[in-house]
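Novice: The structure that follows is given in the form of structure tokens.
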Amino acid sequence: MRYQSPKGTLDILPEDQPYWRHVEARARHICALYGYGEIETPVFEYTPVFARGIGQGTDIVDKEMYTFEDKGGDSLTLRPEFTAGVVRAYLEHGMHVRPQPVRLYSLGPAFRHERPQAGRYREFHQLNVEAIGEQDPAVDLEIMLLAWHFYDDLGIRGLSFQVNSTGCPACRPAYLADVLVPYLRGYQDRLAPEDQRRLERNPLRVLDSKEAQSQPIIQDAPRIINYLCDECRRHFETLRGYLEWLDRPYTLNHRLVRGLDYYTKTVFEVWAQGIGAQNALCGGGRYDGLAEALGGPPTPGVGVAIGLERIILLLKEQGIEPPPLPGARVFIAYRGDAGKRAGLQLEVELRAAGIATVSAVGDRSLKAQMKQADREGAHFALILGDDEVAAGTVTVREMATGEQAGVARSGILDYLRVRMDAGLSS
RNA sequence: GCGGCCUUAGCUCAAUGGGCAGAGCACCAGGUUGUGGCCCUGGGGGUUAUGGGUUCAAGUCCCAUAGGUCGCCCCA
């Protein structure tokens, strides 16, 4: 294969656009409904924004970033996620002087160098939502409600919400050092080899291991929510109280973790079935330490990253059809050179009047032209031949019914407008 | 980064135990000197992913590479 898009990338062809336009339109609608403003940050940032914002030691930073040096010698990185860039923009533009929290959303591509599989691509698209500058758990709630609302609005069913708290720098280190690690060490030789390695590198990660051998031990492991500091405990209990007050079902998942200091308190994911192993539709949580990691003042924040490819996989899996996009409504067919010229002129007038129009080209038979009009889904075919040019008329054929009429050339615009309005209202 | 499976026309797929690369759809043309959908006829389109190897002979067997796919890891 000579013509090939880069590994892990996809061309989104016109026939797939209804899905994308629909998902993006609903995303903008829901974000506006929740009072979020759109922010567009660059597709690349200086590398330290991600290296410090996401953190050394994460898979993303250590082995998945598209990092390159530009001609001025700066190290740049294609964004592997949105949050670090959005928080960078918050700091750069002094958004702390705006009413807090600052509610921002973005829509666009992100890049990670991973092995592709179903639902995972090297270029992928996200709806990213952030609320920066407020630590009230009601903001955590709002972000979760927004994600909920978005999926519900699209008609997606059968999702499960996974929620946990991973504490903060005040309580997590003590839980790890004094509780979790000693517990796991006690069963070290019964853990899977991979998990024994994790225990040394990043003990929290043992909790979300899928190794069968380790399951009984993980099942009974001491849970971080029983070791939270007062502030984290109050935060999480308040959030859970809100969720129950609003009757939102969720699963308290003790094994849902994020292994970095910047990530604090709330963590959540939404899981789907039927789209393969990459079943996380979105991931979110609090990152009260991130702004400081980027060199700014302490600034709390919470957000969610919603994968669009996985949503579209799910829409297809669940048989949910997006609304069709309108195509050209008028197709102009012709015979002979005079007809062709008359058609080109008519096409200019129709487009100027806002009527989506395409003309036949290539001097094919009228039969072929009519076939093309049909295939392109035109509502009307206009026929211009020697007869029409001589008589000063246009033959109008309504494709759905086959009804055909000669219409005066001078009245064609009005005629089409009336017939199209009739078609729209029926 | 690691493992399993797969790769034949634009698409979906055939091709005995190695023996002339095919069909349907799509595209183009004709059947109607100016009329789409159904039908009929014909046409164009292939270095069988790429590169090696075995063999008189490879789409078919072997090796490597690339891509896809399903998992691992991690997450969107």
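Novice: Mind counting the residues in segment A:351-385 that are within 34 Å of the chain's Cα centre (by Cα) and on the phi > 0 side of the Ramachandran plot?
Specialist: Kept after step one, since they are within 34 Å of the chain's Cα centre (by Cα), are these residues of segment A:351-385: A:351, A:354-358, A:375-379.
Narrowing further to those that are on the phi > 0 side of the Ramachandran plot: A:354, A:377.
The number of residues fulfilling the criteria is 2.
Novice: Looking only at segment A:177-195, how many residues end up being modelled with pLDDT under 85, more than 10 Å from RNA strand B (Cβ to nearest atom) and surrounded by 17 or more Cβ atoms within 10 Å (Cβ to Cβ)? Working first, answer last.
Specialist: Filtering segment A:177-195 down to residues modelled with pLDDT under 85 leaves A:188-195.
So of that shortlist, the ones also more than 10 Å from RNA strand B (Cβ to nearest atom) come out as A:188-191, A:193.
Among the residues that remain, those that are also surrounded by 17 or more Cβ atoms within 10 Å (Cβ to Cβ) are: A:191.
Residues flagged as modelled with pLDDT under 85, more than 10 Å from RNA strand B (Cβ to nearest atom) and surrounded by 17 or more Cβ atoms within 10 Å (Cβ to Cβ) within segment A:177-195 amount to 1.
Novice: Please give the number of the condition A:I54 fails out of (1) modelled with pLDDT under 95; (2) more than 17 Å from the chain's Cα centre (by Cα); (3) farther than 18 Å from A:G296 by Cβ.
Specialist: Checking A:I54 against (1) modelled with pLDDT under 95; (2) more than 17 Å from the chain's Cα centre (by Cα); (3) farther than 18 Å from A:G296 by Cβ, the one that fails is (3).
Novice: Restricting the search to segment A:373-408, which residues are touching a residue at least 24 places away in the same chain (Cβ under 8 Å), touching a Gly at 6+ places or on another chain (Cβ under 9 Å) and either more than 6 Å from RNA strand B (Cβ to nearest atom) or not in a strand (DSSP E or B) (or both)?
Specialist: Across segment A:373-408, the qualifying residues are A:E376, A:G377, A:A378, A:H379, A:L382, A:L384, A:G385, A:D386, A:E388, A:V389, A:V394, A:M399.
Novice: Of the residues that sit in segment A:159-176 and are small (G, A, S) and surrounded by fewer than 18 Cβ atoms within 10 Å (Cβ to Cβ), which one is farthest from A:L315 (Cα to Cα)? I'd like the intermediate steps shown before the answer.
Specialist: Taking segment A:159-176 and keeping what is small (G, A, S), we get A:160, A:165, A:167, A:170, A:174.
If we keep only those that are surrounded by fewer than 18 Cβ atoms within 10 Å (Cβ to Cβ) too, we end up with A:160, A:170, A:174.
Details: A:S160: 16, A:A170: 42, A:A174: 44 Å.
Ranking the qualifying residues of segment A:159-176, first place goes to A:A174.
Novice: In addition: A:I156: buried (at least 22 other Cβ atoms within 10 Å of the Cβ), in contact (Cβ under 8 Å) with a residue 40 or more places away in the chain and within 18 Å of the chain's Cα centre (by Cα), yes or no? So that I can check it myself, show each step before the final result.
Specialist: Working: buried (at least 22 other Cβ atoms within 10 Å of the Cβ): no; in contact (Cβ under 8 Å) with a residue 40 or more places away in the chain: yes; within 18 Å of the chain's Cα centre (by Cα): yes.
No.
Novice: So A:Q213 clears everything in (1) surrounded by 16 or more Cβ atoms within 10 Å (Cβ to Cβ); (2) of a type in the set (S, T, N, Q); (3) assigned to a helix (DSSP H, G or I) except one condition, right? Which one?
Specialist: Checking A:Q213 against (1) surrounded by 16 or more Cβ atoms within 10 Å (Cβ to Cβ); (2) of a type in the set (S, T, N, Q); (3) assigned to a helix (DSSP H, G or I), the one that fails is (1).
Novice: Could we say that A:D153 is part of a helix (DSSP H, G or I), under 30 Å from A:R26 (Cα atoms), among the acidic types (D, E) and in contact with a helix residue (DSSP H, G or I) (Cβ under 7 Å, 6 or more places away or on another chain) here? Lay out the reasoning, then the answer.
Specialist: On the way: part of a helix (DSSP H, G or I): yes; under 30 Å from A:R26 (Cα atoms): yes; among the acidic types (D, E): yes; in contact with a helix residue (DSSP H, G or I) (Cβ under 7 Å, 6 or more places away or on another chain): yes.
Considered against the rule, which asks whether it is part of a helix (DSSP H, G or I), under 30 Å from A:R26 (Cα atoms), among the acidic types (D, E) and in contact with a helix residue (DSSP H, G or I) (Cβ under 7 Å, 6 or more places away or on another chain), A:D153 comes out as yes.
Novice: Regarding segment A:205-215, can at least one residue be identified that is over 31 Å from the mean Cα position of the chain (by Cα), more than 16 Å from A:C171 (Cα to Cα) and more than 16 Å from RNA strand B (Cβ to nearest atom)? Please lay out each step first, then the result.
Specialist: Let us first name the residues in segment A:205-215 that are over 31 Å from the mean Cα position of the chain (by Cα), namely A:212-215.
Filter again for more than 16 Å from A:C171 (Cα to Cα), leaving A:212-215.
Restricting the remaining residues to those that are more than 16 Å from RNA strand B (Cβ to nearest atom) gives none.
Taking every residue of segment A:205-215 in turn, none turns out to be over 31 Å from the mean Cα position of the chain (by Cα), more than 16 Å from A:C171 (Cα to Cα) and more than 16 Å from RNA strand B (Cβ to nearest atom).
Novice: A follow-up question, please. Restricting segment A:252-284 to residues that are β-branched (V, I, T) and more than 9 Å from RNA strand B (Cβ to nearest atom), which is farthest from A:S160 (Cα to Cα)? Step through it out loud before you land on a result.
Specialist: From segment A:252-284, those β-branched (V, I, T) are A:257, A:264, A:266-267, A:270, A:275; that's our starting set.
If we keep only those that are more than 9 Å from RNA strand B (Cβ to nearest atom) as well, we get A:264, A:266-267.
Values: A:T264: 22, A:T266: 16, A:V267: 14 Å.
It comes out as A:T264.
Novice: Let me ask something else about it. So, A:V270, is that one among the β-branched types (V, I, T), under 27 Å from A:L107 (Cα atoms) and outside any loop (DSSP other than H, G, I, E, B) or not? Explain how you work it out, then say what you get.
Specialist: Values: among the β-branched types (V, I, T): yes; under 27 Å from A:L107 (Cα atoms): yes; outside any loop (DSSP other than H, G, I, E, B): yes.
It is true that A:V270 is among the β-branched types (V, I, T), under 27 Å from A:L107 (Cα atoms) and outside any loop (DSSP other than H, G, I, E, B).
The values are calculated or read from the model by the stated rules, or taken from the named source; none is laboratory data. All of these numbers come straight from a predicted model, not from anything done at the bench. In this analysis, Cβ positions are derived from the backbone assuming ideal geometry, glycine residues included, and neighbour counts consider all displayed protein chains.
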